[in-house]
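What follows is calculated from the coordinates using simple rules that are stated; it is not laboratory data. Keep in mind the model is a prediction, meaning the values are calculated, not measured. Using ideal geometry, Cβ is built from the backbone for each residue, glycine included, and neighbour counts are taken over all protein chains shown.
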Amino acid sequence: MKGTGGALFVEQLKAAGVEYIFFNPSTGDAPIYDAMVDQTDIHLIKGVQEGVVVAMADGYARASGKPGVAIVAAVGLPNAMTQLVNTYKDRIPLMLAMGVPAREAESRGGAQQYDGQETLLTPISKWAWRTESAAGLPDITRKALKFASTRPGGPVSLWLSEPGLREEATATIVDEAAFNTPISMRPNKADIETIARLLIEAKNPLLTVGDEITLAQGEREVRELAELLGLPVMGSAVLGQWSTPFPTRSPLFLGGLQANTPALGQVDIHLNVGSWLGEQTARGAKLISIRQDPATLGRATPVDMGVIADPKLACADLVEAVKSLATKDRLKKIADERTRRVADYTEKARKLRHDVAMQFSTGSPIRLNRLAFELEDFLDKDTIYVADLDSGRKMEPLMNFGGDDKMYIGNGPAVLGWGISAGLGVKLARPDKPVIALVGDGSFLFGGPQPLWSLSRYQAPITVMVLNNRSYNNERNRIWAFGGGSQLSRGLDMTCYNGSPDVDIAKTAQAFGVEAEQVNDPETIKAALGRAKRANIEGRPYLLEVVIERDGIGGASEWHPPFSIASLRTRKV
């Protein structure tokens, strides 16, 4: 093809199967947007701040399994980096592109130039490259997309020379099938047989699961393995993990990762599939870890047996190996005995958790327990639940995710300001699924209201729920619990109260053209959810600002350090 570097770039994206470019415009990128004027197969999705752009592309990639593509101005890179941390830590495929001046212009101290821009991304990029000419741009673009998508995935950075975007050249455009070969590596057969025997003979086995299963779409296979052998399972979306690859409703599910649980006693065989955190929970057990990422397998905790393989294929092979090594009657006996023991514990634990939560679910402001019950009762089972929360994580054990229930998408590093933008990206990837994005007031204020602009512009029919306790509530609880000091002894919250001013988040949303309301009474939650659902069905976004309680030590206090800049004036006007 012959064309400008911008046109070649767009054509290579199309050939790679890219349907959406998430962007915030800059002058140097103009040839890209010129090339988009007559395009119908690839669409521009605009964000009005760079962090929003990256979070939208990130959410799209998590929900679609395809690489997100984001373009931002190089001078706005620090904004983009706040959200790229989520992408990097969670191994999400994404290509971040930026237009930059020619090399010879870099030393002239331009108004928007600073030294070392390209090195900023080194710690949070899987790969980085720079193009200088139009002729070489398609080749570098396809390489970037391949690196981003090859497991373990991750963000890659592409610096586009602005002169190269403007000049014309002839270059080859390569179809995706010629370079993006799926890598689904099967485990060694002897390793699988060894693991299968250990699981069959184990007295107290444990299976921990993680995000690599979700990325490999291996949820069905890991569930079949667990049910075949009655394996108790740990692993859900906690700090460091972003998905729920095993159904939390299952009687085999023990909850989040933890070192010890009364249901198991001393674990003898611990099989970890797809979770770097799962390796760190082993205590005195033989630890077997099946992972896709050789860089992190055994990095924090030594393993007794490490296997690099696709989690979906590994679990499928384990199922077949187990069936070949034991009769149906023996496997049924093993599974029944283990399942009875685990199910007895999980049933009692769930009932206790539910009964305690019910005791603390009434009153106003709205309590998180009550909100969790209302959401669990109201949301359709095919809802995608996008969570960017801290305080709100207390709701998740009272709800059901995975399997035939709601799909959970979070962000492992919990960098705030991600959730609303990610929710738009998720809806773009799964337009026929209901999507609800939950954020705290801290996340809303941290990231700013900018994603509301994109929700309104693109008529993204999702429900945004902002849990507003006018505080970094959990952060205060942690600060005061980790030693307390003068803040605790004197009851003075120096850092975490977000009231004064009390931001009216619902009115903020309305200013962007997003329908919104504030919910204060627990008896009105269901009706408000119904209004949001109707708006979504009719093709419009809707925001619910739910005023919730502050709890924990000092939660009732509204004190904050008094300070007035106006009082510093020495001249009276």
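Screening the chain for DSSP H helices whose Cα atoms reach 27 Å or more along their own axis and whose mean Kyte hydropathy is at least 0.0 gives nothing. In plain terms, the chain from Asp504 to Thr172 could stretch by 114.2 nm, reckoned as 0.36 nm per residue minus the Cα-Cα distance.
Dipole size in debye (nearest 20) for the chain around its Cα centre, Lys and Arg Cβ +1, Asp and Glu Cβ -1? Walk me through the numbers before you get to the answer.
Working: 64 positive and 67 negative charges, 230 e Å.
Using Cβ point charges on Lys, Arg, Asp and Glu, the chain gives about 1100 debye.
Across the chain, the longest piece that holds none of the chymotrypsin sites (Phe, Trp or Tyr not before Pro) lying in DSSP loops with up to 10 other C-beta atoms within 10 Å covers 1-481.
Counting only Cα atoms, I'd like the Rg/Rh figure for region 168-277, Kirkwood definition for Rh. Write out the running numbers ahead of the final one.
On the way: Rg = 18.3 Å, Rh = 15.9 Å.
In region 168-277, Rg relative to Rh is 1.15.
Which entries in Lys14/Lys146; Lys89/Lys143; Lys14/Lys66; Lys146/Lys189 show an alpha-carbon gap greater than 19 Å? Checking Cα-Cα distances, Lys89/Lys143; Lys146/Lys189 exceed 19 Å.
Suppose the chain between His43 and Ala511 were pulled fully straight at 0.36 nm per residue; how much longer would it get relative to their current alpha carbon spacing?
Working: separation 468, 0.36 × 468 = 168.48 nm, distance 2.60 nm.
Here the segment from His43 to Ala511 would lengthen by 165.9 nm.
Among all stretches of the chain without exposed GluC sites (Glu not before Pro) (DSSP loop, at most 13 other Cβ atoms within 10 Å), which one is longest? Answer from the scan: 1-537.
Start at zero, step by 5 Å, and the Cα-Cα distances of region 217-333 spread as 2, 11, 20, 25, 24, 13, 4, 1, 0 percent across the bins.
Toward the positive end of the charge dipole of region 50-205, with +1 on the Cβ of Lys and Arg and -1 on the Cβ of Asp and Glu, the farthest Cα among Gln117, Pro101, Ala57 is that of Ala57. Under the classification rounded if a/c is under 1.5, otherwise prolate if a/b is larger than b/c and oblate if not, where does region 381-461 fall, given a ≥ b ≥ c as square roots of the Cα gyration tensor eigenvalues? Note, shape of region 381-461 comes out oblate.
Between Gln113 and Lys203, how high is the FRET efficiency from 1/(1 + (r/R0)^6) when r is the Cβ-Cβ distance and R₀ = 60 Å? Nearest 0.05.
Values: r = 64 Å, r/R0 = 1.07.
So the FRET efficiency works out to roughly 0.40.
Annotation for Gln217 and Ser133: the two label points, set 7 Å from Cα along the Cα-Cβ direction, are 4.0 nm apart.
Report the extension gain between Arg478 and Met1 in nm, rounded to one decimal, defined as 0.36 nm multiplied by the number of residues separating them, less their alpha carbon distance. Please report the intermediate quantities before stating the final value.
On the way: separation 477, 0.36 × 477 = 171.72 nm, distance 5.82 nm.
Here the segment from Arg478 to Met1 would lengthen by 165.9 nm.
With an a/c value of 1.5 or above and a/b not larger than b/c for the gyration tensor axes a ≥ b ≥ c computed over the alpha-carbon atoms, the chain is described as oblate.
For a test of the definition: using alpha carbon positions, the gyration tensor, and the 1.5 limit on a/c, classify region 360-547 as rounded, prolate or oblate. It would help to have the intermediate numbers written out before the result.
Working: a/c = 1.69, a/b = 1.50, b/c = 1.12.
Note, shape of region 360-547 comes out prolate.
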